[in-house]
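Here is the structure we will look at.
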Amino acid sequence: MTTALIGQPISRVDGRRKVTGAATYVAEFQAPGLVHGAIVRSTVANGRIASIDSSAAQQAPGVIAVLTHQNAPKLAYRAHKGAPDPGIGERLHVLQADRVSHQGQPVALVIAEGLEQAVHAAMLVRVTYAPEAAITDIARAEPVPLTPPSETRRGDPDGALAAAEVKLGQTYVIPRENHNPIEMHATIASWDGDSLTLWDKTQWVHNVADEIAAVFGIPARNVRVISPFVGGAFGSALRTWPHVTLAALGARVAGRPVKIMLSRREMYYGTGFRPHTVQRVALGASRDGRLGAILHNGDQETSTYEEFTEALLNATGFLHSCPNVNTRHRLAPMNVHTPTYMRGPGEASGIFAIESAMDELAVALNIDPVELRLRNEPEQDEFRQLPFSSRSTRECYQAAAERFGWSRRNSEPRSMRDGRQLIGWGMATATYGAGRAPASAMARLLPDGTAEVASAASDMGPGTWTSMTQVAAETLGLPIERVRFTLGDTRLPRAPVHGGSITMASVGSAVQAACRKAREDALARGGGTNDVTEAMRRIGQPVEASVDSTPGDESQRFSMHAFGAVFVEVAVDPDLGETRVRRIVGAYGAGRIVNPKLARSQCVGGMIGGIGMALMEHSVVDGRNGRVSNANFAEYAVPVHADAPPVMDVIFVEEHDPHVNPLGVKGVGEIAMVGVAPAITNAIFHATGKRIRELPVTPDKLL
Ligand code: MOS
């Protein structure tokens, strides 16, 4: 009997394990003889290590080894770049030389029997530096074009801007933000001869194996990576960061399994961050609200050793219709560790600028912000000159506006009040790419009518475990409780990086294909029955299918993105300058929704992340030394329950996309974050008449 499971609001299959504590996270694994590592980090942002005295640390209780660049084994550091690694530059080599290029760079590793002993001994390592001038502030850095330069131009943007009836040009700033998953990064490394087992918090087990194999000069098949549960990541666990190498290095030297768990503070110096961006947007339009010119420049911080770049300006080319567009993306090499992708990377930052500018244009033209966007709705991707595989922006504006009650908005700033609170309504458009990468999966039907299905995906929280079980069970024609899905282990078929909202499209397609093949094989051998359970009973032995699933050329023929619209109500206290988000309504055209309960949960999470981006998050960098002065949860504010509005409405508009992938899904993890920050700042303008172009909008900016 086949039941429709795709599209059902199934509760998390791993939920019980998570809430009862039965789910084992990396730092909780045990290995016989496990010892602990503590990292000593640079206190300067640029220069050389002049001296290291580790004698006191060596003699401290419980200490097994102290590794510095002077005594650490030389590592192979073979070339290797996984998808989340910057294409240009070379990753940080740990404990290989005396060069320091950022605050917090690892300069020594202490291995001790106990965690407290390791931490104590790390404080006894005496390091002196020959510091050099450091650039830690983008305002003092010199941005350079990307390699290769990525300037885009269509039409005559400068001429069209000069000739436009209405024009505006403004600068929008997003500070550095850090990922703050509840679970901090951790690695346990254990060698057995030339084979290494790593329990690691990661969004991509196979890439950890490839990277650590390259670093140590061993075959990747010698490295097993296990990562069953990931307590949030938001992009911080996409790359294989230096602490993973340090754990493996420490374990090799100590001859014992080593655990390294980063502190909250350490995560500000070693697991990436959303880069500080400075964007300049100029718009030209006719009086009736047709865009004539868009000029969008973006400068973004990166490290001195790698060119980290995200798709900051990509959406500018296709979000709104415009004949004359120029984008110019530059990078500012600085004495920071390499930034990385953080939820909604590229679009979340770029669209803050574009959708803020669009709101400013709507005000200048005295046209409703939704109407302005409708007047500039493109028929195709004007940058790539390709049709969209599907695009439901109109439906999203309409559905969200209706649910929100947008027609009751008085467009005059400061015109809406609730007691002494100034009320503001704002909106913005959202989009994120609908990508897909090669993925493999295995499905094994068993004679007892159950099935095991596996792919080495990760589940950092979106519900991959559950959604894959749904796809598998429906395709196999089995009840969901008879299907066991496994992920997070390099022994399983290879999956792509769990990022960029591609998991459902990629791994889901592989799981579907493997299950379809297993079911067909079982029925073909089952003696004429159409019931897979009965067929398996007759066959009496497992039937297994493995499939490598790869995208076709659809991404060459279509422009494939999810689109959405976000509407927000804020209340601003005119005396205190405090902004509270009261309501958010988001409508998304994200293709097929495999699990509306978990997809809604994803979107609510993105909305809350957007509140953080708009109102709170800011890694404050001390310009003298690159130190993050608020690298803790007391001073780096993230939204808590009390900051989440009681109303967070998520609408998935009906969308059937036959081109995007076999499942017709687009993913919601990233788009949920996009558009929220500009919708909030646009609402703040509507409430107060003040346009804030630099995030986060803290009370001081409104007083
Ligand atoms: Mo997402 S920033 O690709 O984890």
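Just so you know, all these numbers are worked out from the coordinates, no wet-lab data involved. Just so you know, these numbers come straight off a predicted model, no measurement behind them. Note that we place each Cβ from the backbone using ideal geometry, even for glycine, and neighbour counts take in every protein chain shown.
Things to note:
- Theoretical gain in end-to-end length, Arg557 to Arg482 [0.36 nm per residue, Cα-Cα removed]: 23.1 nm
- The mean of 1/r over all pairs of different alpha-carbon atoms in the stretch 537-646, once inverted, gives a Kirkwood hydrodynamic radius of 18.8 Å.
- Spin-label pair Ala22/Arg691, simplified geometry with 7 Å Cα→Cβ offset, distance in nm: 5.6
- Fully extending the segment from Ala83 to Ala637, taken as 0.36 nm per residue of separation minus the present Cα-Cα distance, adds 196.4 nm.
- Global size of the stretch 447-532 as Cα Rg and Dmax, reported in angstrom: 13.3, 44
- Measuring between their Cα centroids, the stretch 246-266 and the stretch 111-163 lie 25 Å from each other.
- Axial C-alpha extent at least 15 Å, average Kyte-Doolittle at least 0.0 - helices from the chain (DSSP): 205-216, 242-254, 347-365, 464-476, 596-615, 676-688
- Here r is the Cβ-Cβ distance between Asp194 and Val144 and R0 is 41 Å; the resulting FRET efficiency, rounded to 0.05, is 0.45.
- Relative to the compact-globule estimate of 2.2 N^0.38 Å, the Cα radius of gyration of the chain comes out at 0.98.
- Projecting label points 7 angstrom from Cα along Cα→Cβ for Asp548 and Glu371 puts them 5.6 nm apart.
- The equivalent ellipsoid of the stretch 492-545 has semi-axes of 30, 10, 7 Å, largest first, where each one is the square root of 5 times an eigenvalue of the Cα gyration tensor.
- Max-minus-min Cα coordinates of the stretch 188-325 on each principal axis give 73, 30, 29 Å, with the largest extent listed first.
- Contact order normalised by residue count of the chain, Cα under 8 Å, 6+ apart, percent: 17
- A Förster radius of 30 Å combined with the Cβ-Cβ distance from Ala56 to Gln96 puts the calculated FRET efficiency at roughly 0.80.
- Value of relative contact order over the stretch 68-153, rounded to a whole percent, pairs C-alpha under 8 Å and six or more apart: 25
- The Stokes-Einstein estimate for the stretch 110-255, based on a Kirkwood radius over Cα pairs and taken at 37 °C with 0.692 mPa s viscosity, is a diffusion coefficient of 164 µm²/s.
- The mean sequence separation of alpha-carbon pairs under 8 Å and at least six residues apart, normalised by the residue count of the stretch 498-587, gives a relative contact order of 19 percent.
- Order of Trp241, Trp465 - criterion: other Cβ atoms within 10 Å of each residue's Cβ, fewest first: Trp465, Trp241
- Of every Cα-Cα pair in the stretch 57-129, the percent that sits beyond 22 Å: 36
- Summarising the strand pairing of the chain, around 75 percent of its internal DSSP beta bridges are antiparallel.
- The phi-based Karplus calculation (6.51 cos²θ - 1.76 cosθ + 1.60; θ = phi - 60°) puts the 3J(HN,Hα) values of the stretch 488-497 at x, 7, 5, 6, 8, x, 5, 10, x, 4 Hz, whole numbers, x for Gly and Pro.
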